[in-house]
Each structure stands twice: as C-alpha cells, then as structure tokens.
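Let me begin by presenting the structure, written as structure tokens, before commenting on it.
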C-alpha cells in the first residue's frame, strides 16, 4: 500500500528532543540471542520522490516477495514526523533525500546500528561514521541556467557571487527542499554560522524566485521563465536523456570543486531502532547498496553510485573530483539551526 499524505511542516528543531530510555536488564545465563524475524512486509517512510524510487521498490518486492508499505513525503517533513512519533512510529526504514535529516535522526537516537556487511559496502566519506545509516547515492549541487542567454563561462564559479546585485531577481531556489537546506548547512560547517547567515540574508534581499523543488526550477529555466537556479545534477541529466541535451534550453554548470555550492550530498537509509530485529527491513537496506540497485540509480535516476565498481552515468565529472575537503557529511545533522536561519530571513 502506498500512502502519500500531506504533512504540516514542522521544523527539525525537535532534533534535540530528549528520548527516554529504559535500562537494559542484567544478562543471565538463560538469555537467548535475539534472532531477526520476517513476516514478509515492512513500512518505509520515503523522502525520495515516488516516481524515482517506486520502480526499484517494485523490483525488490518481485525479487524477494517482501511487500513494502510506503509513505511518501518531503524529507524534512518526514524527519520531523519521525521525531514526533519516536518509538511509536509505524516506520521500519527511513529513506532520505539527504544526509542532514539522517544525521538529525541519528543524533536523536532513532536509528539502530546497521551490520558490518552493509556499512562497509560504501566508502567512508559517503556514509555515516557510526553505522547508524548508510549512503545510497551521490548527488552534486549545480547551477542550471538558460543556455540561450548565457554560456557556462559567463557565470560565476562560486556560490557567494550568486547573491550579488548583478543577479537580483534572477536566481531560483527551493528553500524548503532538503537538498537546499543541506547545502546551507554545509555552508555553515565550511565557513561558519556568521558567513552562512550573511549569505542567506543577501539571498533573501536579492528577490530570489522561490520554487517548491528542483524539478520545478529546471522546468522554469528550460521554458525561459527563469534565468538560472540551484538544483541537484541528476534532474538535468534525466531530462536531457529524455529530450536530448541538444534540445534543452536549460544547461548546467558545476561550481569550483570545494566550494559549498558544489557539495556532493548523499541519499541514504537507516533502520528505526524499534525495528532492529526486522529481517525484512534489513533485507531492503542491504538491497539498496547492492549492485542491482546501484545500477538502477545510474540508469534510471542518473545519480552517482556509491558502491565501488559501479560506473557513474556518462558525462558526469568523477565523484572524486567533486569531494569537498574538510566536509564530513555526518556534520550536516543540524538542520534545525539552518531552518531557523531560513525562517528568520523569510525564505520558509
């Protein structure tokens, strides 16, 4: 069953929620090891769009016979919902659009530790440092621009330059989108809270064009309604594969490697702590980092695969060339402060 219900936006300030725990009983000689159990189904909260991941979920069900009940929604909203639900959540697995929401839930103690065969499948730097969640795909931030007005060489190479007076009213952003919020969080981590606040204030004062998400920005640029915007790379590659790159008015530019505007974030998954013995949930997370699933993401969503040995989509710069020195994706967990920053600036 798929459930796609609208959710009220709740800031992830609740990430600091104190979760009451119970002391574990003293072990006894009669204690039996906990054995994972399977009943052929589990519940997934997915912050990934239905059109992107439902075909993969369907394939997983066909391959394993395990039924997945899915609730789709915005990553930040679902993350806030999980914080509210706590141990009472019906969700077994959370599939997130970005590392920030995963980090917030991990900090709140809502994830169980994944087994070594899952956590070791993905290289360090693209997954959690404590085994609480695993990276699934990589996505780079890019500037999408109107190719009939500009060439890539005519556009700035750093994110700071896009909030100058020259671009007043021309830049499209999606402040409520998890990917944008993680970018701002990365800006805070790399340059400090004061510098990030200054950038956000400059953006807000520059009359940005506000959209709900990446795909809406891409469409607006491709139709000539907006001059340029900030999106994830794979939206353009998917559209270009369908329409032909030569037929696209919208083009993309990768900013200077190491700049906060060019960070490579990851989608990822974690198992909720109340589901630590759910074998079906674990089977799904293990499937996400399998060669079959990684190849699906390459061919169908044009994201970077994180499993070594699986080639990236043609035309993308190497993942290694986009790594931002000094940025640990685990440090993107403080979305609450980022959301307050955006709210104070009137952007969300």
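Has region 151-171 got any residue that is within 21 Å of residue 303 (Cα to Cα) and part of a loop (DSSP other than H, G, I, E, B)? Checking region 151-171: not a single residue is within 21 Å of residue 303 (Cα to Cα) and part of a loop (DSSP other than H, G, I, E, B). Of 153, 87, 146, 160, all but one fail to be more than 26 Å from residue 196 (Cβ to Cβ), in the same structural domain as residue 207 (by TED's automatic domain parsing) and in contact with a helix residue (DSSP H, G or I) (Cβ under 8 Å, 6 or more places away or on another chain); the exception is 146. Exactly one residue among 307, 255, 282 is in contact with a strand residue (DSSP E or B) (Cβ under 8 Å, 6 or more places away or on another chain), at negative phi and outside the structural domain of residue 155 (by TED's automatic domain parsing), and that residue is 282. The single condition from (1) buried (at least 19 other Cβ atoms within 10 Å of the Cβ); (2) over 30 Å from residue 190 (Cβ atoms) that residue 243 fails is (1).
If the condition is being closer than 15 Å to residue 97 by Cβ and touching a strand residue (DSSP E or B) at 6+ places or on another chain (Cβ under 8 Å), then region 166-185 contributes 174, 175, 178, 179, 180, 182, 183.
For residue 205, the conditions (1) modelled with pLDDT of 95 or more; (2) in the same structural domain as residue 169 (by TED's automatic domain parsing); (3) under 19 Å from residue 98 (Cα atoms) all hold with the exception of (3). Given the criteria more than 19 Å from residue 233 (Cβ to Cβ) and either crowded, with 17+ Cβ neighbours inside 10 Å or modelled with pLDDT of 95 or more (or both), does residue 159 qualify? The answer is no for residue 159. Please specify each residue of region 162-183 satisfying the condition of being crowded, with 19+ Cβ neighbours inside 10 Å and modelled with pLDDT of 95 or more. If the condition is that a residue be crowded, with 19+ Cβ neighbours inside 10 Å and modelled with pLDDT of 95 or more, then 162, 163, 171, 172, 173, 174, 175 are the ones that fit.
If you go through region 188-226 and keep only what is outside any helix (DSSP H, G or I), touching a helix residue (DSSP H, G or I) at 6+ places or on another chain (Cβ under 7 Å) and within 20 Å of residue 154 (Cβ to Cβ), you end up with 206, 226.
The values are calculated or read from the model by the stated rules, or taken from the named source; none is laboratory data. Since we're looking at a predicted model, the values are computed, not measured. Neighbour counts run over all protein chains shown; Cβ positions are idealised from the backbone, glycine included.
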